[in-house]
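Each remark here refers to the structure printed beneath this line.
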Amino acid sequence: MLCKFATFPDGTEVNYSEVMHDDDGREMVRIYMERGDKDIRDFDTLEVYVPSMKITKQSGYTQEETEWLVQHIESLSDMIFEMAHELEDTER
């Protein structure tokens, strides 16, 4: 399940998942971003996992946009984790 986190001025919608665990048992949260592309025929997408900041999906965003988004998400990762934990608590 994904929950809305923010909408950026360029139309990018930022969503986050519940807390998950990697193969080593470490907590992680999936961040999924998308916006309508310039032709409004498809979506630009970016998927990142925090705290590793590993990009698992990227399409349509320029390198500069991707770097900015990843940097911005990294600076907000504590807040995102807190919200993901709250989501986990409400699902119980």
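Here are the numbers for this structure:
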quantity	calculated
Mean separation of Cα contacts under 8 Å, 6 or more apart, over the residue count of the chain: relative contact order %	21
For the chain, built as a Gaussian network whose Cα springs stay under 10 Å, the top-fluctuating residue of THR56, THR12, THR66	THR56
Net +/- balance of residues flanking VAL70 in space, Cβ distance below 12 Å, scoring K and R +1, D and E -1	-4
Apportionment of accessible area to carbon and sulfur, the chain, percent (1.4 Å)	48
Among [x] 1.02; [y] 0.98; [z] 1.12, the entry derived from the coordinates for Rg/Rh (Cα atoms, Kirkwood Rh)	[y]
Over the chain: helical MRE at 222 nm, DSSP H runs n ≥ 4 each giving -39500 (n - 2.57), nearest 500	-10000 deg cm²/dmol
Using alpha-carbon coordinates, inclination of helix 77-91 to the longest axis of the chain, degrees	60
Unit charges on C-beta of K, R, D, E only; dipole of the chain, Debye	200
Lysines whose Cα lies under 21 Å from that of LYS4, excluding same-chain neighbours fewer than 8 positions away	LYS54, LYS57
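The values are calculated or read from the model by the stated rules, or taken from the named source; none is laboratory data. Just so you know, these numbers come straight off a predicted model, no measurement behind them. Heads up, the Cβs are rebuilt from the backbone with ideal geometry, glycines too, and the neighbour counts pull from every protein chain shown. To get the accessible areas, we keep the full protein, side chains included, count just its heavy atoms, and leave off ligands, DNA and RNA. Shrake-Rupley method; radii C 1.70, N 1.55, O 1.52, S 1.80 Å.
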